[in-house]
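Q: My questions will all concern the structure given below.
The values are calculated or read from the model by the stated rules, or taken from the named source; none is laboratory data. Predicted model only: the values in this text are computed from it and were never measured. Note that we place each Cβ from the backbone using ideal geometry, even for glycine, and neighbour counts take in every protein chain shown. Side chains included, ligands, DNA and RNA excluded: accessible areas come from the protein's heavy atoms. Shrake-Rupley method; radii C 1.70, N 1.55, O 1.52, S 1.80 Å.
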Amino acid sequence: MRVRIGLGSDLHELVPGRPCILGGVTLPYERGPRGHSDGDAVLHALTDALLGAAGLDDLGTRFPDDDARWAGADSRRLLAAAWDDVRAAGWELANADVVIQTEGPRIAPFRAAMAEAIAAVLGVEVTRINLKGKSFEGLGALAGGRAVLVQAVVLLTAD
Ligand code: MG
């Protein structure tokens, strides 16, 4: 059996007037991630982890943020398109682990809903997807709900 690991990271500013979409779920929060697409930093980090593990071009190369086709795009579409290519190369997902760092929206109450949304896009058991929230301990420019920073790691397997 072959195994490959992948790491993805994404940072988005949280700004007024944007829906707070993270992990494919709209969270109740007064600011949302600024972005060309829907700004879903969780799905962006996860997509980059999957593409990286498979040795494919990254999210920004595949879906440039100056391309009008992806303006306001539902990031589940980007994840699904990338995952199609990863699977076509023969890979299956062993598991994904995601850290969502923010002092904006509460993450813990929505972990299960995010895992279900991601599992639905990937067509895998929800137990393969894990997410957790962390703060910035009030330190630095990203504290105080100004941003969301996401890191995702995945393990792919192939026969
Ligand atoms: Mg992004």
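Q: So, in segment 30-40, exactly how many residues are more than 11 Å from the ligand (Cβ to nearest atom) and open to solvent by less than 50 Å² (accessible area, probe 1.4 Å)?
A: Within segment 30-40, residues that are more than 11 Å from the ligand (Cβ to nearest atom) and open to solvent by less than 50 Å² (accessible area, probe 1.4 Å) number 1.
Q: Now a separate question. Can you tell me which residues in segment 46-61 are outside any helix (DSSP H, G or I), in contact with a helix residue (DSSP H, G or I) (Cβ under 7 Å, 6 or more places away or on another chain) and either open to solvent by less than 40 Å² (accessible area, probe 1.4 Å) or more than 13 Å from the ligand (Cβ to nearest atom) (or both)?
A: Matches in segment 46-61: L56, D57.
Q: Turning to a different aspect of this structure: Could you go through segment 86-101 and let me know if any residue there is open to solvent by 60 Å² or more (accessible area, probe 1.4 Å) and without any contact (Cβ under 8 Å) to a residue 24 or more places away in the chain.
A: yes
Q: Also, I was wondering about something else. Before we move on, is D65 within 13 Å of the ligand (Cβ to nearest atom) and modelled with pLDDT of 95 or more?
A: No; evaluated as a whole, the condition is false for this residue.
Q: Which numbered condition in (1) in a helix (DSSP H, G or I); (2) surrounded by fewer than 14 Cβ atoms within 10 Å (Cβ to Cβ) is the only one that R106 fails?
A: So the condition that R106 fails would be (1).
Q: Another question about this same structure. Residues in segment 2-21: is at least one crowded, with 19+ Cβ neighbours inside 10 Å, modelled with pLDDT of 95 or more, in a helix (DSSP H, G or I) and within 13 Å of the ligand (Cβ to nearest atom)?
A: Looking through segment 2-21, none of the residues is crowded, with 19+ Cβ neighbours inside 10 Å, modelled with pLDDT of 95 or more, in a helix (DSSP H, G or I) and within 13 Å of the ligand (Cβ to nearest atom).
Q: Right, next: At pLDDT 95 or above and surrounded by fewer than 20 Cβ atoms within 10 Å (Cβ to Cβ): is that true of V124 in this structure?
A: Criteria met by V124.
Q: Another question about this same structure. Cβ-Cβ below 9 Å, separation at least six or inter-chain, first residue in segment 144-156 and farther than 15 Å from T47 by Cα, second buried (at least 18 other Cβ atoms within 10 Å of the Cβ) and among the charged types (D, E, K, R): which pairs?
A: Pairs found: G144/E103; G145/R31; G145/E103; R146/R31; R146/E103; A147/E103; V148/D10.
Q: Looking at L43, is it within 14 Å of the ligand (Cβ to nearest atom), open to solvent by less than 60 Å² (accessible area, probe 1.4 Å) and either assigned to a loop (DSSP other than H, G, I, E, B) or at pLDDT 95 or above (or both)?
A: The answer is yes for L43.
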